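The values are calculated or read from the model by the stated rules, or taken from the named source; none is laboratory data. Predicted, not measured: the structure shown is a model, and the values here were computed from it. Note that we place each Cβ from the backbone using ideal geometry, even for glycine, and neighbour counts take in every protein chain shown.
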Amino acid sequence: MCPSARVGRAVLPPSRLGRARNFLLPSRGGPAYLGRMEHSAGFLKMVNEVRPRVAEISLAAARERLSKNPKAVLVDVREDTEWRNGHAAGAVHLGKGVLERDIEQTFPDAGTELILYCGGGYRSALAADMARRMGYSRVFSLAGGFRAMVAANWPMEKG
């Protein structure tokens, strides 16, 4: 293993490499470069606390659920800039930062099947837990998130 690694334009020392995670960097041609993102210990602690309460599903399970249930909704909980740079075709954008405020207006039926995704499955786990706590009973977090979707050639669109 090398003594340091390049993260976007920065170089991380070995002490910080263990917590780094991949992410997509915006580019003029759309999401094209997988970089690395570091998650703080506090953030990872929060994610690990909610994971036992959240139903996490694979890409294959998400595809199956979306094909079998025409009312199931794929929800992108990433930031506005991430959404504009590229998102899953047919997804609805409801950023994690406004989820608590807007979910009831966007999805009035708390029984709606919601499949949430973010960049890598961390923020969507937090968002799924919050939706569950607000009474939504059929909420899932997509394992691997947007990165996994891109790697699997899931249909994408911009805007």
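Here are a few things to note about the model shown:
- In the stretch 68-88, the residues that are in contact (Cβ under 8 Å) with a residue 60 or more places away in the chain and of a type in the set (Lys, Arg) form Cβ pairs under 8 Å with partners that are crowded, with 17+ Cβ neighbours inside 10 Å and not in a strand (DSSP E or B), at six or more places apart or across chains, as follows: 78/95; 78/96; 78/118; 78/119; 78/123; 78/146.
- Boolean, residue 106 is among the hydroxyl-bearing types (Ser, Thr, Tyr) and within 15 Å of the chain's Cα centre (by Cα): no
- Strands (runs of 3 or more DSSP E) contained in the stretch 18-62 and holding at least 2 residues surrounded by 13 or more Cβ atoms within 10 Å (Cβ to Cβ), among the aliphatic types (A, V, I, L, M) and at pLDDT below 50: 20-25
- Residue count, the stretch 73-102 (criterion: small (Gly, Ala, Ser) and part of a helix (DSSP H, G or I)): 1
- Pairs with Cβ under 7 Å, 6+ apart, first in the stretch 131-153 and at negative phi, second among the hydroxyl-bearing types (Ser, Thr, Tyr) and surrounded by fewer than 17 Cβ atoms within 10 Å (Cβ to Cβ): 143/58
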